[in-house]
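Structure record follows, encoded as C-alpha cells.
Here, each number is a calculation from the coordinates, and none is a lab measurement. Treat the numbers as computed from the prediction; the structure is a model and nothing was measured. Note that we place each Cβ from the backbone using ideal geometry, even for glycine, and neighbour counts take in every protein chain shown.
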Amino acid sequence: MSECTHNCNTCGQKCSAPQTDNPHELSRIKRVIAVVSGKGGVGKSSVTAMLATAMNNKGYRTAVLDADITGPSIPKMYGVHGGVQSDGSGIFPAQSAGGIRIISSNLLLENESDPIVWRGPIIAGMVKQFWTDVIWGDVDYMFIDCPPGTGDVPLTVFQSIKIDGIVVVTTPQSLVSMIVEKAVNMANMMKIPVLGIVENMSYVVCPDCGKRIDVFGNGKAVGDVAQKFGLPVLAEIPYDARLVEAADGGKMDDEFDYIAPAADILESGLPVKAH
Ligand code: ADP
C-alpha cells in the first residue's frame with residue numbers, strides 16, 4: 001500500500017485525518033511549515049521570521065501566514081504597514097523589503113493598534129481565508145505563525161491547511177516537557193510530522209569574555225525532552241538584544257545565524273523542486 005503523502009488532495013490512503021481545504025486557484029504552495037508554542041512570549045513569531053528570512057536568503061520563494069490573529073506581530077517585525085490590495089477574486093499578500101510575502105490580520109485593520117475582539121470561530125474562519133482567499137502565487141516555503149497553545153485556532157490551522165511539518169518553539173524551563181508533549185500529541189492526532197524543537201532564549205553570551213551562561217540551569221531540559229520524543233533540536237538561540245531591536249525596528253529581513261542549522265534541516269528534510 002502506498003505511503004501517506006500528508007496531502008489529502010493527492011493521497012490515496014483512507015485514514016481518519018481530516019480533509020484539508022484547497023488554497024486559492026492562483027496559489028501554488030510547495031511546503032507548509034507550522035510554527036507552534038505551548039504559550040505566548042517564548043519567541044514563536046521571532047523564530048517564524050528568522051526561519052522565513054533564512055529560507056528567503058537561500059533563494060526560495062517564501063511566505064508567512066500570520067495565524068496569530070489576536071496577537072499579530074509579523075508585519076511589524078518586517079516593517080510592513082498599511083492595507084493589502086484585492087482584485088475581487090482574492091487578496092494579494094504584502095511584501096517585506098526582502099520579498100517575503102506576508103498576510104496578517106494587522107494588515108486588514110484600519111488602525112494597527114485596534115484590538116481584535118472576535119470570538120474563536122470568527123478568528124478560525126479568518127485563518128482559513130488566509131489560506132483559501134489569498135493569492136499567494138508560487139511559494140516554495142510557507143511558514144505559519146500559529147497562535148500559542150492547543151486551542152481551537154491552532155486546531156483549525158491543522159485541519160484546514162495542508163501542513164508538511166511542525167516546528168515547536170520553547171524556552172528551556174521545567175514545563176518544557178509538558179508543553180512539547182501537548183504539541184506532539186496534537187500533531188500526532190492530526191497525522192502531521194513534528195520536524196523538531198527550536199530552543200529559544202536558552203543562554204546568554206557574556207559580552208566581555210564570550211562565555212556561554214545557561215540562564216535556566218544546566219541547559220539540558222530541551223535536549224532531554226527532544227530525546228524522549230525522538231525529535232531533533234533544530235537550533236539553540238541565545239537571548240540576544242539585537243533580536244529585540246530587529247523585531248521592534250522592522251528589520252527581520254536581516255539574517256540571524258543561530259537559525260541556520262534549522263533552515264538547513266528543513267531544506268534537506270522537506271526539499272522543494274528547483275524553480
Ligand atoms: P511569541 O510569538 O512566542 O509571543 P515573540 O517572538 O513575539 O514571541 O517574542 C516575544 C518578545 O521576546 C519579543 O519582544 C521578541 O523580540 C523577544 N525575543 C524573542 N526571542 C528572543 C531572543 N532570542 N532574544 C531576545 N529577545 C527575544
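Each listed q (0.10, 0.13, 0.16 Å⁻¹) maps to a log10 I(q)/I(0) for the chain, found by the Debye formula over equal Cα scatterers with no solvent: -0.49, -0.84, -1.30. The mean of 1/r over all pairs of different alpha-carbon atoms in the stretch 98-223, once inverted, gives a Kirkwood hydrodynamic radius of 17.3 Å.
Exceeding 22 Å between C-alpha atoms, which entries from my cross-link table qualify? They are K44/K182; K182/K273; K182/K211; K30/K128; K162/K228.
Numbers: K44/K182 16 Å; K182/K273 33 Å; K182/K211 34 Å; K30/K128 18 Å; K162/K228 27 Å.
Beyond 22 Å between Cα atoms: K182/K273; K182/K211; K162/K228.
Over the residues of the chain, the helix contribution to mean residue ellipticity at 222 nm works out to -8500 deg cm²/dmol, using -39500 (n - 2.57) for each DSSP H run of at least 4. 3J(HN,Hα) couplings calculated from phi for the stretch 194-199 with the Karplus curve 6.51 cos²θ - 1.76 cosθ + 1.60 (θ = phi - 60°) are, in sequence order, 8, 7, x, 10, 9, 8 Hz; Gly and Pro show x.
Evaluated at q = 0.14, 0.21, 0.29, 0.32 Å⁻¹, the base-10 log of the normalised Debye intensity for the stretch 222-275, with identical point scatterers placed on the Cα atoms, takes the values -0.55, -0.91, -1.08, -1.17. The trypsin sites (Lys or Arg not before Pro) of the stretch 21-124 meeting both criteria, a DSSP state outside H, G, I, E and B (loop) and at most 11 other C-beta atoms within 10 angstrom of the site's C-beta, are R119.
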